[in-house]
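See below for the structure under consideration.
The values are calculated or read from the model by the stated rules, or taken from the named source; none is laboratory data. Just so we're clear, the structure is a prediction, and the values are computed from it rather than from any experiment. Here the Cβ positions follow ideal geometry from the backbone for every residue, glycine too, while neighbour counts run over all protein chains shown.
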Amino acid sequence: MATPFNSENIITHKINETGLSTFLVGFDIDDKGISQYRLNPLIQKLCDVIQEFAFGFHEGDSTDNTKTYSKLIEAAQSIYKIDAFQKVKDLYENNGSITDDVEDKFLRRGEFGELILHLLLRDFHNTIPLLSKVYFKDSLGHAVHGFDAVHIEPTTKTLWVGESKLYTSGKAGLKALIRDIEEHFKSDYLTSEFMLISKKLTQIDNIPDKDYWLDLISKSKKLVEQLNTINIPLLCTYHCDLFTSHTDENNHVFIDEYIKEMRLLKTYFDDNNNHALKSKLNIILILFPVQNKVELVKGLHNKLSLIQQLGE
């Protein structure tokens, strides 16, 4: 069955369990027969997602080929109207990068963690975007709500509310995700965020079963009822040396080391997640190790900048 972006040709869904979903991008040979990590195909695939990421379904079907080119340019331009993306672009263009200990969590938005989460949810978890933060930005170029992804799964009537981190260290990314769920998954925060989302949903006509989703996130609903119908995908994309020390993702040594690292990170997350409502939260930890975090972010900004310039 075809997926919206066919990313399974580049991204392998290695572990697919109830609370753990892990991915990887492997290797291919170049013209000289040398094995290379498939960074460029990954960047290109993520750029394919830009239009839907920016606009969601709020401006109609993104598959209309007569509009794709102009809408792609518009999507790239709209992303750089978000303050965080422009600041990070400038930083990487001047040979800088964001370290794991940077305190400005909004600056991290410009590293495209949300874009990666969007793609993985769409192609591997059968969701559709309920709301685009880029489309519904405020006049100052800020996001209208705090969650990194708000998707729905219509067949199961499940709301997917996610967070994403793009870090050098996997453990540092998990620590940040744990802080997020401690701050975001409590009654007052959810009520506030859902009120913002509800206001924007009333402006959209083509959402399937819109009244159901509005009712689900209404302030009259019990917290326990809401949590029972919400999945919480937590994505940690991080720099991983396995893709430097190995050149074949199908080699049994690489597979063993990869699986071991994924299990260790899952254990670390579980041991350090002390949320008071831990047993009530339907968390799906998503791990996506990549060869080089800096090169991935720099490559995305370079590609997106070129698309943006086509409209100038």
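If you go through the range 1-15 and keep only what is under 15 Å from Thr127 (Cβ atoms) and either of a type in the set (Asp, Glu) or in a strand (DSSP E or B) (or both), you end up with just His13. The set of residues in the range 17-48 being among the polar types (S, T, N, Q), over 17 Å from the mean Cα position of the chain (by Cα) and within 24 Å of His246 (Cα to Cα) consists of Ser35, Gln36, Asn40. Taking the range 108-142 as the range and being within 15 Å of the chain's Cα centre (by Cα), modelled with pLDDT under 90 and not charged (D, E, K, R) as the test, the residues that pass are Gly110, Leu130, Leu131, Ser132, Val134. So for the range 34-49 (the condition being at pLDDT below 95, under 15 Å from Thr237 (Cβ atoms) and not in a helix (DSSP H, G or I)), does at least one residue qualify? Yes, the conditions are met somewhere in the range 34-49. Scanning the range 70-113 for residues being closer than 22 Å to Phe288 by Cα and of a type in the set (Asp, Glu) gives a total of 3. Listed by position, the helices (runs of 4 or more DSSP H) inside the range 157-228 whose residues that are small (Gly, Ala, Ser) and out of contact with any Lys or Arg (no Cβ under 6 Å at 6 or more places or on another chain) number at least 2 are 170-184, 187-201.
Here Lys219 fits the description: over 25 Å from Ser97 (Cα atoms) and in contact with a helix residue (DSSP H, G or I) (Cβ under 8 Å, 6 or more places away or on another chain). Only residues that are closer than 15 Å to Ile152 by Cα and among the polar types (S, T, N, Q) were counted in the range 172-228, giving 4.
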